[in-house]
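The values are calculated or read from the model by the stated rules, or taken from the named source; none is laboratory data. Just so it is clear, the model here is predicted, and its values are computed rather than measured. We place every Cβ from the backbone using ideal geometry, glycine too, and count neighbours over all the protein chains shown. Protein only, heavy atoms only, side chains kept; ligands, DNA and RNA dropped before computing areas. Shrake-Rupley method; radii C 1.70, N 1.55, O 1.52, S 1.80 Å.
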Amino acid sequence: MALARYKSIVDDYAARIRSGKLRPGTQLPTLRKLMQEHGIALATASRVYTELETHGLVACEMGRGTFVRDTSLPRGLGLEQQTLQSGAVDLIFNYPCLPGQDEMLREGLRCIASSGDLDALLHAAPQGGRPHERQIIARHLRNRGLRLPAEQVLIVNGAQQALAVTVQALLAPGDILVMDALTFPGMKTLAQSARLDVEALPLAAGKLNLPALAALCKRRPVRAVYVMPTMHNPMGTVMTDAERKKLAQLAQKHQFLIIEDGAYAFLAEPAPKPVFTYAPEQTVYVSGLSKSVASGLRIGMLAAPLALIPALETAIRVTSGNTPSLMIALACLWIEAGVVDELEVRKRKDARQRQKLAQAVLHGCMLTAHPSSYYLWLSLPETSRAEQVAAALAEQGIMVATADAFSAGASVPHALRLAIGSVPLDVLGQALTKIKVACWS
């Protein structure tokens with residue numbers, strides 16, 4: 001009888017939420033009130049809200065209560081690529097593309113078509129790329145402050161696969177992976193799918209909390225630390241040289257692996273040396289060309305200690321076999337011709353222009369961002385709920401990501417992460433104006 005009663009309460013709430021009778025953002029009764037209304041025990045009342053949360057219908061917020069989710073929006077608001085309605089302004093994903101890049105692609109393909117040994121591109125490349133291609137990528141990584149032989153560099157299908165390959169090759173289910181409480185959604189999802197034991201550290205001034213990491217290492221056997229030291233996503237912060245050295249010292253003392261994500265590092269100029277340079281035997285460096293060149297060019301790169309290369313090559317073979325030869329050829333052509341260097345310079349300038357616009361439009365708001373970043377973190381006032389704001393903006397055709405997508409810990413702040421690199425400047429300005437009204441109205 002108790003089971004039937006519990007199920008009927010869940011079904012009733014679910015029906016009212018899905019029909020729109022309970023609107024997004026509506027606060028549901030407290031557990032005590034739910035107990036009184038339905039004559040149920042505390043454990044049963046708690047179970048009702050837990051099941052509704054499992055189905056993505058409500059959000060249970062510690063200290064605030066239980067609120068109705070907007071079921072028309074993708075759960076997590078940023079974890080999954082969605083097909084947008086025509087005319088929608090996408091401030092969830094960054095795929096910055098500058099004028100003239102289409103012609104650059106056309107010219108690049110012409111050069112490849114007229115080159116010798118075109119037949120080689122019809123054959124599968126070795127895991128990690130051909131030796132001369134790995135040499136070109138190694139030279140490119142000098143822009144990031146890495147000087148490595150080609151044998152320590154592997155080419156993969158984008159930075160996300162580089163992360164996946166690293167996890168598959170070097171970590172096992174149950175291993176302790178440390179990451180920031182606010183972190184890159186792709187790594188958060190990867191850790192969950194790999195059944196890793198995630199320890200989320202509270203940020204310290206928007207960066208990896210080194211004192212908290214040191215304390216954790218004394219309590220638990222940390223296997224790896226995921227870090228974005230240059231242009232943290234979503235905060236846009238950059239660790240100092242001293243902080244990087246301290247992280248390297250901790251890795252050497254406690255023998256954990258550092259997974260260094262440099263996907264957005266090209267935007268910081270000048271940038272400190274990668275953590276890899278301070279702990280070269282315990283760091284895997286991950287980057288790619290999706291942001292600096294184009295999101296459709298799925299070229300990622302791994303730099304790792306020589307001893308780890310065989311395991312990483314095996315993981316590449318298991319996950320994708322290899323990287324498309326034509327894509328590698330195009331990427332290497334552009335690197336050697338200086339095209340990638342030119343694009344990075346232009347995109348840093350473009351990002352600075354967009355940040356200046358955002359700072360002007362959102363003046364007076366609680367912003368965290370780097371001056372040349374393609375994204376910003378917008379903390380909301382206590383009277384605003386992120387999910388409710390996101391739902392209201394979606395009705396106006398503006399898609400934004402809430403902190404839920406980036407939160408690895410139990411506490412989820414009411415904030416928005418705005419990707420500002422993919423829409424025209426005039427459209428961006430109009431969208432940011434509407435966002436300010438929605439957050440502070």
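Below are the figures for this structure:
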| item | result |
| --- | --- |
| Residue-wise HN-Hα coupling along the range 35-50, computed from phi with Karplus coefficients 6.51, -1.76, 1.60 (Hz; x: Gly, Pro) | 4, 5, 5, 10, x, 10, 7, 4, 4, 5, 4, 4, 5, 4, 5, 5 |
| The range 279-339 - percent of accessible surface contributed by carbon and sulfur, probe 1.4 Å | 62 percent |
| Diffusion constant of the range 267-310 at 37 °C, which comes from Stokes-Einstein with the Kirkwood Cα-pair radius and 0.692 mPa s, µm²/s | 272 µm²/s |
| Value of Rg/Rh across the range 82-237 [Cα atoms, Kirkwood radius] | 1.04 |
| Among the listed pairs K188/K246; K207/K273; K291/K347; K291/K349, those beyond 21 Å (Cα-Cα) | K188/K246 |
| In order through the range 335-345: 3J(HN,Hα) via Karplus (6.51 cos²θ - 1.76 cosθ + 1.60), integer Hz, x for Gly, Pro | 5, 5, 7, x, 5, 5, 4, 5, 5, 5, 4 |
| Inter-label distance for L122 and Q27, nm, one decimal - labels placed 7 Å from Cα along Cα-to-Cβ | 6.9 nm |
| Reach of K253 by Cα under 16 Å, taken over lysines that are not fewer than 8 positions away in the same chain | K218, K245 |
| Point-to-point label distance, L98-Q430, nm (Cα→Cβ direction, 7 Å offset) | 2.6 nm |
| For the chain, size of Cβ-based charge dipole, Lys and Arg +1, Asp and Glu -1, in debye | 980 debye |
| Alpha-carbon gyration tensor eigenvalues x 5, square-rooted, for the chain, Å | 40, 26, 21 |
| Two-site label geometry, V318 and R18: point separation in nm, points 7 Å out along Cα→Cβ | 3.9 nm |
| Cut-off 16 Å (backbone N to label point 7 Å along Cα→Cβ of A205), residues of the range 220-236 | 229-232, 235-236 |
| Potential lengthening between S193 and S411 on full extension [0.36 nm per residue; Cα-Cα distance subtracted] | 76.4 nm |
| Zone residues, the range 266-309, relative to A242, backbone N less than 20 Å from point 7 Å out along Cα-to-Cβ | 270-279 |
| Farthest toward positive dipole pole in the chain [+1 Lys/Arg, -1 Asp/Glu at C-beta], among A304, A294, A438 | A438 |
| Cβ-derived FRET efficiency at R0 45 Å, L42 paired with L357, nearest 0.05 | 0.30 |
| Surface share of carbon and sulfur [accessible, 1.4 angstrom probe, percent] for the range 117-211 | 55 percent |
| Residues of type lysines that K7 reaches as a straight line, Cα spacing below 24 Å, ignoring anything fewer than 8 places off in the same chain | K21, K33 |
